[in-house]
């Protein structure tokens, strides 16, 4: 993540962090999500970016954050539209993966809160 100071506000930082954390969940030791990315900018890359952006939107909604769109979203949207045109059902798959990522991250937060509460009680 870029330094906090480079963001316009805390909400922009949180939205970007949610996007990057959604990517983080794809690792084989977490949710093992493989969208078929072979190189930067290919269809697999576009698929993963859509999952990450949906995951960010779900997490921001949970937190009551309304993320502001940025100019780089337009370039992403063009690649997402191609993926969605080629696979009309992918939006459902992407949403399912994004929700799994959000649930996984919520689970980590709950575990951390429980661990903290147990340490405080001890």
Legend entry - Relative contact order of the chain, pairs being alpha-carbon contacts under 8 Å that are 6 or more residues apart, as %: 27
Inset, instruction - At 0.36 nm per residue, minus the direct Cα-Cα distance, what do residue 11 and residue 104 gain on full extension? Give it in nm, one decimal, please. - result: 31.4 nm
Legend entry - segment 4-21 versus segment 74-122: alpha-carbon centroid distance in Å: 16
Inset, instruction - Can you give me the P(r) profile for segment 11-121? Cα pairs, bins 10 angstrom wide beginning at 0, each as a whole percent. - result: 14, 42, 31, 9, 4, 0
Inset, instruction - Between residue 62 and residue 92, take the C-beta separation as r, use R0 = 22 Å, and let me know the FRET efficiency to the nearest 0.05. - result: 0.60
Inset, instruction - Would you compute, from DSSP H runs of 4+ residues alone, the mean residue ellipticity of the chain at 222 nm, taking -39500 (n - 2.57) per run and dividing by the full residue count, rounded to the nearest 500? - result: -23500 deg cm²/dmol
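Take the Cβ-Cβ distance between residue 23 and residue 85 as r, set R0 to 25 Å, and report the resulting FRET efficiency rounded to the nearest 0.05.
0.60
A short reminder: the numbers here are calculations on the coordinates, not readings from a lab. Everything quoted here is computed from the prediction, not taken from an experiment. Cβ sites come from the backbone with ideal geometry, for glycine too, and all protein chains shown count toward neighbours.
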